[in-house]
Amino acid sequence: MSIPVVTARRVIGAGVLAGLCVALSFIAALVLMLGVGIAWQYAFTSRIPVLGDVAWMAIEADLARLPSFLLSWAPAVIGLIVLGAMLAGLQRIGSRLPAPWGAQLAPISLTLVIGVAVLWLILGNADAELYRVEATGETLPSLASRRPATWNLVLIMLPVIFGASGGIWAYWTWWERRWRHWLGVAADSTDAEPLDAGSSAWFARRQATSRWRQQLAALSVVGAAALTLSVAGFDAVRTRVTSGELWATPDAPISAASISIDGARRLMMVENTYGEGRVQALLRDAAGTIVGGPVDVTFVDSAVRFDRSALPVDVLASGRYRLEVQHLSGRGGRVGFAMIGGDAAPVTMAAIVVGLAAGTLVAGLSQLFGAVFAARERWAS
């Protein structure tokens, strides 16, 4: 009974060591890219007479930040090591399952994991970025109409999921085979068809290959349908943004807009977009009581500025409110506003579901392409 336990530990150990090698290669690539960037920066700045004296100081500052930068990637390194153990375990389980699904259990699972990780980070960060007062990018009046569409982010990430999962699988498999050899672990047995199996076995294998392609095509269709539904679900629960602009001038000293406030996470901002002088922004409830602000908004010499200020709305009850902008001095100007509200938990869950659907679609299409290509090579030979 001790031999299988030792073998299982060595198999998992080979997977962990392979994952560690993938992680170290990733760190080495980061260091190499940073080194090339630092060398280019030094070569460029050292040739400028004004900056020549501080060129090396800038390099020393970059090198001093290198340890903290690499430390920030520690979760990715740990994740790759854990991923290596997971793939080794899935390969061991898959070797005991019927072909061909058993052999593809690990790569398909890897694609699902990469899909969840990529889209959870992308969609989650795009949503969380809205709650930063100092965030750059779109001005507040156009924030609601110009924020990235979910489908745009998903379609951009589909090739990333394919490339990342395929690259990690190929590189991890390369290292895992070598660690198995060095640790003395035999490769998993495969049921190879004898060369003299006969015509009946040949036709049976061809029918099995055809069924496998049909199953992969069905998986791809399911993935596409699930992705469509999950993106629609994410759009339904993603953070809601209401934005626009208000003008306050001596001729029209007060301008107002109706704002809906709801959700567990809230942020309301105003910014000076164009004008001269001073105005103030405040928030009133349905009874007309001031419940937020006033916040001074200053325009500087008719310049286009995007200085943002936040109005406190965390403790307010959900409902309709009135945002007012009142002229104080000068010619006044245009004030942009944005109300951002939503709930983090539904957004996170919806992003995970989108990642699973995207991973299913990518896994189905990639496996289908591989099966068709392998069949063509087999029949051609």
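Computed quantities for the displayed model
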{"item": "Search result, residues across the range 241-255 that are surrounded by fewer than 14 Cβ atoms within 10 Å (Cβ to Cβ) and under 21 Å from ARG320 (Cα atoms)", "result": "ILE254"}
{"item": "Top-ranked residue of the range 245-293 - restricted to ones that are closer than 27 Å to ALA344 by Cα and of a type in the set (Lys, Arg), ranked as nearest to the chain's Cα centre (by Cα)", "result": "ARG265"}
{"item": "Test result for VAL160, at pLDDT 65 or above, buried (at least 17 other Cβ atoms within 10 Å of the Cβ) and in a helix (DSSP H, G or I)", "result": "no"}
{"item": "Residue that is nearest to ILE108 (Cα to Cα) [pool: residues in the range 214-230 that are buried (at least 16 other Cβ atoms within 10 Å of the Cβ) and among the hydroxyl-bearing types (Ser, Thr, Tyr)]", "result": "SER220"}
{"item": "Residues that are part of a loop (DSSP other than H, G, I, E, B) and surrounded by 16 or more Cβ atoms within 10 Å (Cβ to Cβ), drawn from the range 87-102", "result": "SER95, PRO100, GLY102"}
{"item": "Flag for GLY84 being among the small types (Gly, Ala, Ser), in contact with a Phe, Trp or Tyr (Cβ under 8 Å, 6 or more places away or on another chain) and part of a helix (DSSP H, G or I)", "result": "yes"}
{"item": "Strands (runs of 3 or more DSSP E) wholly inside the range 260-366 containing at least 3 residues that are in contact with a helix residue (DSSP H, G or I) (Cβ under 8 Å, 6 or more places away or on another chain) and crowded, with 17+ Cβ neighbours inside 10 Å", "result": "265-284, 319-342"}
{"item": "Cβ pairs under 6 Å, 6+ apart, first in the range 51-64 and assigned to a helix (DSSP H, G or I), second surrounded by 11 or more Cβ atoms within 10 Å (Cβ to Cβ) and at pLDDT 75 or above", "result": "ILE59/ILE38; ASP62/ILE38"}
{"item": "Filter result (at pLDDT below 90 and surrounded by 20 or more Cβ atoms within 10 Å (Cβ to Cβ)) within the range 107-127", "result": "ASP127"}
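The values are calculated or read from the model by the stated rules, or taken from the named source; none is laboratory data. In this text, all values refer to a predicted model and were calculated from it rather than measured experimentally. Neighbour counts are summed over all protein chains in view; Cβ atoms, including those assigned to glycine, are modelled from backbone coordinates with ideal geometry.
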